[in-house]
Amino acid sequence: MAGNREFLNRRLHSLLGVIPVSLFLVQHLVVNSFATRGEESFNAASHFMESLPFRYFLEIFIIFLPLLFHAIYGLYIAFTAKNNVSRYGFFRNWMFMLQRVSGVITLIFVAWHVWETRLAAAFGAEVNFQMMANILDNPFMLVFYIVGVISAVFHLANGLWSFAVSWGITISPRSQQISTYVTMVIFVALSIIGLRAIFAFV
Ligand code: HEM
């Protein structure tokens with residue numbers, strides 16, 4: 001019974017990591033990249049997102065709760081679960097470890113980022129281009145954002161690799177090798193999109 005619940009929690013954690021959390025992260029990076037077209041473009045894109053119908057429902061059920069479950073159960077996996085990775089090679093063992101490290105860094109970054117943007121907005125601050133420019137004006141915050149975005153994107157890309165294994169999509173060594181290349185391309189592409197947006201505010 002307990003084993004069954006553990007299995008279901010693992011499946012839910014895995015599924016939520018992709019749908020909706022990864023999809024949300026990609027959408028968020030794309031909206032941010034409007035900053036590369038200038039202040040007005042970014043503000044228009046961000047106001048459009050803020051004015052979506054059912055905004056609070058979407059924020060709570062598509063972003064907040066799935067991310068909360070994935071993060072809390074992710075911490076449990078990262079710090080307590082015993083995993084058998086002996087059938088994978090040196091590279092995959094590193095990726096396995098980095099998946100956990102990047103999850104924890106991403107959690108710290110996302111918590112801070114939500115605090116200084118979304119929660120600040122709830123208390124009346126206006127989240128716009130100028131706000132991000134002010135935050136990233138501080139060299140410490142600039143480095144923090146660069147590390148946070150790269151960590152989140154790495155976690156997403158490497159997570160897609162393990163997702164494909166755990167859902168039986170990539171079973172053979174050859175398909176897992178191809179999946180390594182595909183997820184590396186995803187990592188590089190999303191890193192470029194994320195970093196270009198950050199530097200557009202600087
Ligand atoms: C931007 C936010 C995040 C995204 C897009 C994301 C995405 C993913 C994806 C796609 C997976 C692969 C699922 C699988 O292995 O089947 C995954 C796994 C994982 N995530 Fe996240 N995640 C995020 C945040 C977090 C946070 C905050 C933590 C907290 C520590 C975390 C911890 C983990 C762990 C430990 C795994 C590995 C699970 C395993 O090997 O079974 N993630 N994540």
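Mind listing just one residue for me: the one in the range 139-190 that is closer than 21 Å to VAL202 by Cα and not aliphatic (A, V, I, L, M) and, of those, farthest from the chain's Cα centre (by Cα)?
It comes out as PRO139.
Any idea which of (1) out of contact with any helix residue (DSSP H, G or I) (no Cβ under 6 Å at 6 or more places or on another chain); (2) open to solvent by less than 80 Å² (accessible area, probe 1.4 Å); (3) assigned to a helix (DSSP H, G or I) is the one PHE48 doesn't satisfy?
Status for PHE48: all satisfied but (2).
Taking ALA71 as meeting all but one of (1) open to solvent by 60 Å² or more (accessible area, probe 1.4 Å); (2) within 15 Å of the ligand (Cβ to nearest atom), write down the number of the exception.
Going through (1) open to solvent by 60 Å² or more (accessible area, probe 1.4 Å); (2) within 15 Å of the ligand (Cβ to nearest atom) one by one, ALA71 breaks only (1).
Which condition number does ARG100 fail, the rest of (1) in a helix (DSSP H, G or I); (2) more than 30 Å from TYR181 (Cβ to Cβ) being met?
Answer for ARG100: the failing condition is (2).
Hey, any hits in the range 34-49 for a residue that's of a type in the set (Gly, Ala, Ser) and modelled with pLDDT under 95? Before you say what the answer is, go through the steps one by one.
Restricting attention to the range 34-49, the residues satisfying the condition of being of a type in the set (Gly, Ala, Ser) are 35, 38, 41, 44-46.
Still in the list and also modelled with pLDDT under 95: none.
Checked the range 34-49: no residue is of a type in the set (Gly, Ala, Ser) and modelled with pLDDT under 95.
Would you mind telling me which numbered condition in (1) of a type outside the set (A, V, I, L, M, F, W, C); (2) at pLDDT below 95; (3) within 21 Å of the chain's Cα centre (by Cα); (4) more than 22 Å from ILE186 (Cα to Cα) TYR76 fails?
Here TYR76 clears every test but (2).
Looking at (1) assigned to a helix (DSSP H, G or I); (2) within 29 Å of GLN177 (Cα to Cα), which is the only condition TYR88 fails?
(1)
Got a sec? Which helices (runs of 4 or more DSSP H) wholly within the range 109-202 have at least 3 residues that are within 15 Å of the ligand (Cβ to nearest atom), open to solvent by 30 Å² or more (accessible area, probe 1.4 Å) and touching a Gly at 6+ places or on another chain (Cβ under 8 Å)?
Numbers: elements: 129-136, 139-166, 173-200.
Result: 139-166.
Out of the range 1-41, which residues are open to solvent by 50 Å² or more (accessible area, probe 1.4 Å), within 15 Å of the ligand (Cβ to nearest atom) and of a type in the set (A, V, I, L, M, F, W, C)?
PHE7, LEU8, LEU12, LEU15, ILE19, LEU23, PHE24, VAL26, VAL30
The values are calculated or read from the model by the stated rules, or taken from the named source; none is laboratory data. This structure is a prediction, so every number in the text was calculated from the model and none was measured. Ideal geometry is used to build each Cβ from the backbone, glycine not excepted, and the neighbour counts take in all protein chains shown. The accessibility values were calculated without ligands, DNA or RNA, using every heavy atom of the protein model including side chains. Shrake-Rupley method; radii C 1.70, N 1.55, O 1.52, S 1.80 Å.
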